Amino acid sequence: KPGQGEAFMETLPIRKFHGIGPATTEKMKSFGIEVGADLKARSLEFLQTNFGKSGPYFYDLVRGIDHRTVNPSRVRKSLGKEITFESDLISFDELAIALRSVAEQVWASATSREIYGRTITLKVKFSDFEQITRSRSNSTIIRSFDQVTTAAETLLAALFPLDRPVRLIGLTLSGFDEVREKDAAQMELEL
């Protein structure tokens, strides 16, 4: 939550920071930098001397400073929803019901925004936290809720029989850029 970020960053293990890989983690550990608070205690000069041009990035990172520009009007590439279950599910019928609920949310978002795609992606996270995705792309734009649910249930059915329970299921609609390009080309042909 706002106001808790700084405390969270200070307790976060150094290896969890974006841009700090295994080699940099080991180098930081050699300087006694184990968590965010240790990194924050180092000066900009120390970080520049020991980590070169990455030093200022690390200095800002632990302080929550990000100089990248925010682009609020970027083109949406996908639209998705997911649900985590209170208890893991394993039967097709239970998962299909949950998937239909997620599909309803995705379709409601798509229709309210008037954006349609041609690719449906199913996301499944198992009880052991392994995650898989399966996709299906249509040659034409998906324009009905029935098309969404049929594609989603086909992808789900292909996973059965399951060898372990499912913790989370999600669905994403994408392929908007291709749709816009095809629509534009079609409009040119119709003129």
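The values are calculated or read from the model by the stated rules, or taken from the named source; none is laboratory data. Since the structure is predicted, the reported quantities are computational estimates derived from the model, not experimental observations. Methodologically, a virtual Cβ is constructed for each residue, glycine included, from the backbone with ideal geometry; neighbour enumeration extends over all protein chains shown. Side chains are part of the model used for accessible areas, which takes the heavy atoms of the whole protein and leaves out ligands, DNA and RNA. Shrake-Rupley method; radii C 1.70, N 1.55, O 1.52, S 1.80 Å.
Some notes on this structure:
- Of all positions in region 137-159, none carries a residue that is exposed (fewer than 14 other Cβ atoms within 10 Å of the Cβ), touching a residue at least 60 places away in the same chain (Cβ under 8 Å) and in contact with a helix residue (DSSP H, G or I) (Cβ under 6 Å, 6 or more places away or on another chain).
- Subset of region 109-131 (residues that are open to solvent by 30 Å² or more (accessible area, probe 1.4 Å) and within 20 Å of residue 94 (Cβ to Cβ)): 123, 125, 127, 128, 129, 130, 131
- Of all the numbered requirements in (1) farther than 27 Å from residue 168 by Cβ; (2) in contact (Cβ under 8 Å) with a residue 12 or more places away in the chain, residue 83 misses one, and that requirement is (1).
- Scan of region 47-94 for residues that are of a type in the set (A, V, I, L, M, F, W, C), more than 21 Å from residue 11 (Cα to Cα) and either open to solvent by 50 Å² or more (accessible area, probe 1.4 Å) or part of a helix (DSSP H, G or I) (or both), ordered by number: 51, 70, 75, 83, 90, 92
- Matching residues, region 14-62, being out of contact with any strand residue (DSSP E or B) (no Cβ under 9 Å at 6 or more places or on another chain), in contact (Cβ under 8 Å) with a residue 24 or more places away in the chain and of a type outside the set (A, V, I, L, M): 17, 18, 19, 24, 27, 38, 40, 51, 54, 57, 58
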